[in-house]
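In what follows, a single structure is set out as structure tokens and then discussed.
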Amino acid sequence: MFRMADVTDEVRVVEQGKDEPEFVDGFNMKTVIGVLFLGLFMIPGSIYLNLIAGQSLGPAAEWTTIILFTEVARRSFTVLKRQEIYMLYYVAASLTAGVKVALSGGPFASLIWNQYFIQSPAAKAFGIADQIPNWIAPPASSEAIINRTLFHAAWVPAILLTAALYVFSRASAFSLGYALFRLTADVERLPFPLAPVAAEGATALAESSSGRETWRWRAFSIGAMMGLVFGAFYIGIPALTGALLTEPITLLPIPFIDLTRNTESFLSASAVAIEVGLAPILTGFVLPFWIIIGGVIGSLLTLFFNPFLYNLGVLKTWTPGMDTIQTTLVNDIDFWMSVRIGTGFAVALIGVWSIIRGLWARRGTARAALRPLAPPSGRGDFPLSVIFGVFLLLTVGYVTLSYKLVPGFPILFFIFYGFIYTPLSSYASARMQAITGTGLSFPMIKEATFILSGYRGVAIWFAPIPIFNYGGQAQAFREIELTGTKFTSVLKAELLMIPVLLFCSLLFWHFIWGMAPIPSQAYPYAQKFWQQSATMDALWYSSTTGSGVENSDLAKAIKFEYILSGAGFGLLAYGLLAAFNLPVMLIFGIISTIGTISQGFLPQFAGALLSRYYLEQRFGREMWPRYTPVLLAGYSCGTGLVGMATVAIALISKTVSPLVY
């Protein structure tokens, strides 16, 4: 009888030296001003950048807002606490989050996409334009579409539904995300290796605001300068030259060097790419070493196993000449998607086993067994009964609303999605993120069930079915905990953000759509890529109409024998590693990369080796793990500042270029 190795013993090393936080309420008038500032100034810039370049403000909005408020506070002879700084980071990340086709700017961005899709050539060619329900968008002949206005009665059903679903989604993510955090962080005590990045960055800026320049501020400054210099070459030059010239000058390939066509003669059906950048190297500093090694093994297995599968006829869709993205897509459909679904279930089963084993080990004392369920004093936790009650109530709301909107679709699917699939997939993703820093997704589950259900119509593709992955929310709560911010602060911020974002999103999308048609020549990225995305969507939607193109590849993409093989591989590998007392984190690293594009594993591997065999000896095994998340946070800040500067210049250039002098 062998002893199952404990992941916690290995991964909690990333928290060595962490100061125990003192929990403080971070929500106050500064947060209110920050939310209003982001809503009024960052959202329109984010919308415009998405439409012209397909890029999101991302870290640019977060760190720029923090630095601006820090400098204003310093000149006002006041100090920003790290809890206040993190709340600004949290609201900036929430307000500038994106949706499909590189659209950000709040929930009403979906209305702008819907108005285009309903009158797109693809929707007409596949014969589905007249089948799109009015609770998504008014018909193409409506005055609201012709006059390009969101302030029209025809938009009322879509606006009300979008607003309600946004409130539902934020509340559902908050409740289930909190429950997953309690499970993975408090009960399983998993490390969340990337959570300290934002937390340490906020701490460094708080120390600067108070005039105390400790090692955190020095490390943050070094990372910021690295981000500024590298970002100037990687982001700045292409963005500026693209705004001023007909073709941008790109010094470094974005997002990676595609070598698939160069290696296809001896690595058939293998997607080969290398990411050129400092971000994966710095990430290799932060992630646990054996997670990186597992990722390397998973990438190499995929790289060298694909030619074997191709020769066997398993990867039958791939043809020579495909690039990295195309190769990965067709290989997913033929094989890897089903395998990753199986390995995802293996992660969930391992997690359940770890919890049961931990509770069983404490079975002698009932009080000790329940101790992990008691949260730290002063953290601002919520009663679990209320959390589960809110989630169940929201899920019932999703199921009821979906059934009312699409009464012909089997309601059992909605119940399965909301009460079984979403919690299990979110837990598997949260556990992977807590161990490896990378989430887990199960692709095409929704699409496959739509087709296999026998339903006929396109309304189901737009219905608010409760199939979500809230795994990332667990890490957000871990970041909040590390900064010493009370959880009640986040609840207050959410209650403020929702109305502000709904108002600003509707206002600015109405204004920008009124300036010019979307897509059009005024918005180059949308003009170039929206048609392709609409064609792919129409192809999927037509598969349930009973006419048009039947997507037989999708119906055959879910292969249960491969799913079982993937689950068996994950469980067997974990058992063997545990039996021989080897690092069990290897299997989680393998699962996180197997079957995916391999562009980041080499620089991450280089960063991990440099960190373990040189920098740890140079700076000390105790202090170096504390430096690394601060360096990565500073790097994100530096690249974000470059991004904001180039966005401002691009906005000015695009605004004045049509003027006649």
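If you check every pair at least six apart or on different chains, which have Cβ atoms under 6 Å apart with a residue in region 332-345 that is more than 18 Å from Ala573 (Cβ to Cβ) first and a residue that is among the charged types (D, E, K, R) and in a helix (DSSP H, G or I) second?
Ile333/Asp553
Would it be correct to say that Ile460 is of a type in the set (Val, Ile, Thr) and over 30 Å from Gly34 (Cα atoms)?
Yes: the conditions hold for Ile460.
If Gly378 meets every condition in (1) surrounded by fewer than 18 Cβ atoms within 10 Å (Cβ to Cβ); (2) at pLDDT 90 or above; (3) over 25 Å from the mean Cα position of the chain (by Cα) apart from one, which number is that one?
Tallying (1) surrounded by fewer than 18 Cβ atoms within 10 Å (Cβ to Cβ); (2) at pLDDT 90 or above; (3) over 25 Å from the mean Cα position of the chain (by Cα), Gly378 fails exactly one: (2).
For region 301-341, what are the residues that are outside any loop (DSSP other than H, G, I, E, B) and in contact with a Phe, Trp or Tyr (Cβ under 7 Å, 6 or more places away or on another chain)?
Leu309, Tyr310, Thr327, Val330, Asn331, Phe335, Ser338, Val339, Ile341
Only one of (1) modelled with pLDDT of 85 or more; (2) β-branched (Val, Ile, Thr); (3) over 21 Å from Glu616 (Cβ atoms) fails for Ile293. Which number is that?
(3)
Could you run through region 217-259 and say how many residues are part of a helix (DSSP H, G or I) and either modelled with pLDDT of 75 or more or surrounded by 18 or more Cβ atoms within 10 Å (Cβ to Cβ) (or both)?
Summing the residues that are part of a helix (DSSP H, G or I) and either modelled with pLDDT of 75 or more or surrounded by 18 or more Cβ atoms within 10 Å (Cβ to Cβ) (or both) in region 217-259 gives 27.
Going by what's in this entry, would Ala269 be described as modelled with pLDDT under 85, aliphatic (A, V, I, L, M), surrounded by 15 or more Cβ atoms within 10 Å (Cβ to Cβ) and over 23 Å from the mean Cα position of the chain (by Cα)?
no
Please list, ordered by first then second residue, the pairs with beta carbon atoms under 6 Å, 6 or more apart or interchain, first in region 400-425 and closer than 13 Å to Tyr455 by Cα, second among the aromatic types (Phe, Trp, Tyr) and not in a loop (DSSP other than H, G, I, E, B).
Ile411/Tyr403
With the condition kept exactly as written, say whether any residue in region 403-418 is surrounded by fewer than 18 Cβ atoms within 10 Å (Cβ to Cβ), within 30 Å of Gly589 (Cβ to Cβ) and touching a Gly at 6+ places or on another chain (Cβ under 7 Å).
no
Residues that are at pLDDT 90 or above and surrounded by 23 or more Cβ atoms within 10 Å (Cβ to Cβ): list the helices (runs of 4 or more DSSP H) wholly contained in region 579-637 that include at least 1 such residues.
It comes to 601-610.
Please name all residue pairs, on different chains or six or more residues apart, with Cβ atoms under 8 Å, provided the first residue is in region 106-132 and is under 15 Å from Val458 (Cβ atoms) and without any contact (Cβ under 8 Å) to a residue 60 or more places away in the chain and the second residue is hydroxyl-bearing (Ser, Thr, Tyr) and crowded, with 17+ Cβ neighbours inside 10 Å.
Note: pairs meeting the criteria are Ala129/Ser120.
Out of Leu40, Leu88, Leu111, I need the residue that is surrounded by fewer than 19 Cβ atoms within 10 Å (Cβ to Cβ) and modelled with pLDDT of 75 or more. Which one?
Result: Leu40 is the single residue among Leu40, Leu88, Leu111 that is surrounded by fewer than 19 Cβ atoms within 10 Å (Cβ to Cβ) and modelled with pLDDT of 75 or more.
Given (1) under 30 Å from Ile518 (Cα atoms); (2) at pLDDT below 60, where does Pro21 come up short, assuming only one miss?
(1)
Yes/no matrix, rows are residues, columns are (1) part of a loop (DSSP other than H, G, I, E, B); (2) in contact (Cβ under 8 Å) with a residue 60 or more places away in the chain; (3) under 22 Å from Gly380 (Cα atoms):
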residue	(1), (2), (3)
Leu150	yes, yes, no
Ala158	no, no, no
Ala163	no, yes, no
Leu176	no, yes, yes
Phe181	no, yes, yes
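The values are calculated or read from the model by the stated rules, or taken from the named source; none is laboratory data. Everything numeric in this text was worked out from a predicted model, so none of it was measured. Cβ: placed from backbone, ideal geometry, glycine included. Neighbour counts: every protein chain shown.
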